[in-house]
Amino acid sequence: MVLTLIPLPSSVTAAPGAFVLSPAARIVIVDGADAAASVLSDLLAHRCGLRPEVTTDDPAAGDIVLRATGADDEAYRLEVAERIEIAGADAGLFYGIQTLRQLLREDAGSWSIPQVSIVDAPRFAYRGVMLDVARTFFDVATVKAFIDRASSLKFNHLHLHLTDDQGWRLHIDSRPLLTEKASGTSVLGRPGGFYTKDDFREIIAYAAAHHMVVVPEIDLPGHTHAIGLAYPDVVEAPVMNDMLLAQSESLGQPLPAAGEPYQGWGVGHSSVRIHEDATWDFLRDVLGEVAEITPGDYLHIGGDECLGTPPADFDAFVERVTALTVELGKTPVAWHEAGSAVVAEGTVGQFWGSDTPSDEHIEHTRRFVERGGSVILSPSTRAYLDMKYTPEFPLGLSWAAVIDLETAYSWEPDAIVPGLDPAAILGIEGPLWAETLATLDDIDQLFFPRAAALAEIAWSSASAKDWNSFRARVGGLGPVWDAEGWGGHRPAEIDWSTP
Ligand code: TNX
């Protein structure tokens, strides 16, 4: 029998037989596993229509025991025998429950779980997904739905791309015109929107309850056309050159005009005014409020595709903005181009080059490590969740690659950037850019099943990786995702009928 587990745990020992979940089963909490009990209780209610009693009494056969341990890590143990026991610290208990969720099976009206003994811990500390809410605004309910999906695969960071040329999505009290004037539209006439501070706190709290840390991104110094709708003094006039004209022509989308919302998806035409004091007052206000509302360590300052910015200006900007971020108490994260500059000590670089990167990309990425930082890998030819599965796929882009499930699965983080010390790899992230997405269903189409491939690369050991094993397991998860109401693409090369 195939155990339908993704990401594959460190150690799995299966035994014959199964635990049958009876209506009399109780959730027994030991040493204060209360939060996990409510996660499990909601899950069983939703999936099996059972709401077990939660108790601190001694466990009996047929019960599910949640044992909180004092450890400070994401590891857990799951034993399924005559009773079920999950042991771990907060995150570990949550992950043990996600593993249990993948093992639950219904047969003739009764719910069972195969007997198994699992010991598990992640490979990488940073396991991220990114949602672009700037190109298309997604409301709080959709972001929560995205958190549900990602956390079930043991992703622990949610990077939100909050600002871009097309819109500004987070209210800033000291700069209220940003959301008043620059949030009303999305790409191609889709509706705009923004998060109030309370909305954003709600997202952060929901993410935290699912053991995900929110990483907000304010994309700078480029991707800033929207700022000009609100504070024109802070931005340069849109750049226009042969490269940008050719881009606009090939997209069939007009170039942006100063002071008007941009609804195309060309890149590289905008910049803040790098040398003006007014810009730095603005950035101190904005980044200060973002840092203040964000409990996580990281603040992403962008740094990508500043195609119209002179290199010396770009470097000066990055040096200063990463220093400002540190001053505000956060660890800066930046797209790998920012490695051309003297980034603040400890800045994390996010690599988005191909899996055969240019010398320049390699050099820029290594710089973060030379400056005491680490690297998040998002190779666009493998980890980009917004690339098409096939050339004909109706959603997504294909500028980096066409990424079928096997391509998304078959890569090794240590081998992407030559000469990068493996110990400097903080983890991996799958970005979901939203130029072509309008709905949660669209998100699901690009997310499932490729996010499962990324989850396994992020969590499981390199030696466990095996495409044939993965394809058998992913097929078995189709019914689990269906049961949650999570749609998605079901590529024909996978047998989705396995129980
Ligand atoms: C490149 S990857 C971008 C984004 C686009 C994306 C579309 C990166 C750091 N920048 O601006 O949305 O391609 O795939």
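Here is how the numbers come out for the structure above:
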{"read-out": "Which numbered condition residue 357 misses (of (1) within 16 Å of the ligand (Cβ to nearest atom); (2) outside any loop (DSSP other than H, G, I, E, B))", "value": "(2)"}
{"read-out": "Flag if residue 319 is within 12 Å of the ligand (Cβ to nearest atom), in the same structural domain as residue 218 (by TED's automatic domain parsing) and in a helix (DSSP H, G or I)", "value": "no"}
{"read-out": "Tally, over segment 248-273, of residues that are farther than 22 Å from residue 133 by Cα and either crowded, with 22+ Cβ neighbours inside 10 Å or in contact with a strand residue (DSSP E or B) (Cβ under 7 Å, 6 or more places away or on another chain) (or both)", "value": "1"}
{"read-out": "3 or more residues among the small types (Gly, Ala, Ser), at pLDDT below 95 and out of contact with any Lys or Arg (no Cβ under 7 Å at 6 or more places or on another chain): qualifying strands (runs of 3 or more DSSP E) within segment 99-153", "value": "none"}
{"read-out": "Segment 11-31, residues that are over 21 Å from residue 119 (Cα atoms) and in a strand (DSSP E or B)", "value": "20, 21, 26"}
{"read-out": "Residue ID - farthest from the ligand (Cβ to nearest atom), chosen from residues in segment 87-128 that are among the hydroxyl-bearing types (Ser, Thr, Tyr) and surrounded by fewer than 19 Cβ atoms within 10 Å (Cβ to Cβ)", "value": "110"}
{"read-out": "Subset of segment 362-396 (residues that are open to solvent by 10 Å² or more (accessible area, probe 1.4 Å), farther than 18 Å from residue 340 by Cβ and of a type in the set (A, V, I, L, M, F, W, C))", "value": "393, 395"}
{"read-out": "Subset of segment 224-244 [more than 15 Å from the ligand (Cβ to nearest atom) and assigned to a loop (DSSP other than H, G, I, E, B)]", "value": "231, 236, 237, 238, 239, 240, 241"}
{"read-out": "Single match in 324, 405, 397 (criterion: hydrophobic (A, V, I, L, M, F, W, C), over 22 Å from residue 474 (Cα atoms), out of contact with any strand residue (DSSP E or B) (no Cβ under 7 Å at 6 or more places or on another chain) and modelled with pLDDT of 95 or more)", "value": "324"}
{"read-out": "Residue list for segment 32-72, restricted to those being part of a loop (DSSP other than H, G, I, E, B), within 29 Å of residue 485 (Cβ to Cβ) and free of Cβ contacts under 8 Å to residues at least 40 places away in the same chain", "value": "49, 51, 52, 63"}
{"read-out": "Residue check for residue 497: assigned to a helix (DSSP H, G or I), touching a residue at least 12 places away in the same chain (Cβ under 8 Å) and outside the structural domain of residue 44 (by TED's automatic domain parsing)", "value": "no"}
{"read-out": "Filtered residues of segment 19-55 (kept if open to solvent by 50 Å² or more (accessible area, probe 1.4 Å) and under 20 Å from residue 120 (Cβ atoms))", "value": "31, 35"}
{"read-out": "Residue 279 vs. criteria hydroxyl-bearing (Ser, Thr, Tyr), part of a helix (DSSP H, G or I) and surrounded by 19 or more Cβ atoms within 10 Å (Cβ to Cβ)", "value": "yes"}
{"read-out": "Test: residue in segment 231-247 that is open to solvent by 10 Å² or more (accessible area, probe 1.4 Å), under 29 Å from the mean Cα position of the chain (by Cα) and free of Cβ contacts under 8 Å to residues at least 24 places away in the same chain", "value": "yes"}
{"read-out": "Evaluation of residue 131 against (1) within 16 Å of the ligand (Cβ to nearest atom); (2) touching a helix residue (DSSP H, G or I) at 6+ places or on another chain (Cβ under 9 Å); (3) over 15 Å from residue 206 (Cβ atoms) (one fails), failing number", "value": "(3)"}
{"read-out": "Residue satisfying all of: in segment 322-338; part of a helix (DSSP H, G or I) and within 13 Å of the ligand (Cβ to nearest atom); farthest from residue 412 (Cα to Cα) among these", "value": "338"}
{"read-out": "Sole exception among (1) touching a Lys or Arg at 6+ places or on another chain (Cβ under 9 Å); (2) open to solvent by less than 10 Å² (accessible area, probe 1.4 Å); (3) under 22 Å from residue 467 (Cα atoms) for residue 347, by number", "value": "(3)"}
{"read-out": "Subset of segment 420-478 that is assigned to a loop (DSSP other than H, G, I, E, B) and among the hydroxyl-bearing types (Ser, Thr, Tyr) - its residue that is least open to solvent (accessible area, probe 1.4 Å)", "value": "460"}
{"read-out": "Odd one out for residue 306, checked against (1) at pLDDT 95 or above; (2) buried (at least 17 other Cβ atoms within 10 Å of the Cβ)", "value": "(1)"}
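Each row is one residue, and each column tells you yes or no for (1) open to solvent by less than 30 Å² (accessible area, probe 1.4 Å); (2) part of a helix (DSSP H, G or I); (3) more than 16 Å from the ligand (Cβ to nearest atom); (4) touching a Leu at 6+ places or on another chain (Cβ under 9 Å).
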| position | (1), (2), (3), (4) |
| --- | --- |
| 193 | yes, no, yes, no |
| 200 | yes, yes, yes, yes |
| 214 | yes, no, yes, yes |
| 219 | yes, no, no, yes |
| 222 | yes, no, no, yes |
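The values are calculated or read from the model by the stated rules, or taken from the named source; none is laboratory data. None of these values were measured; they are calculated from a predicted model. For neighbour counting, all protein chains shown are included, and Cβ atoms are generated from backbone atoms with ideal geometry for every residue, glycine included. Ligands, DNA and RNA are stripped out before the accessible areas are found, and what is left, the full protein with its side chains, is counted by its heavy atoms. Shrake-Rupley method; radii C 1.70, N 1.55, O 1.52, S 1.80 Å.
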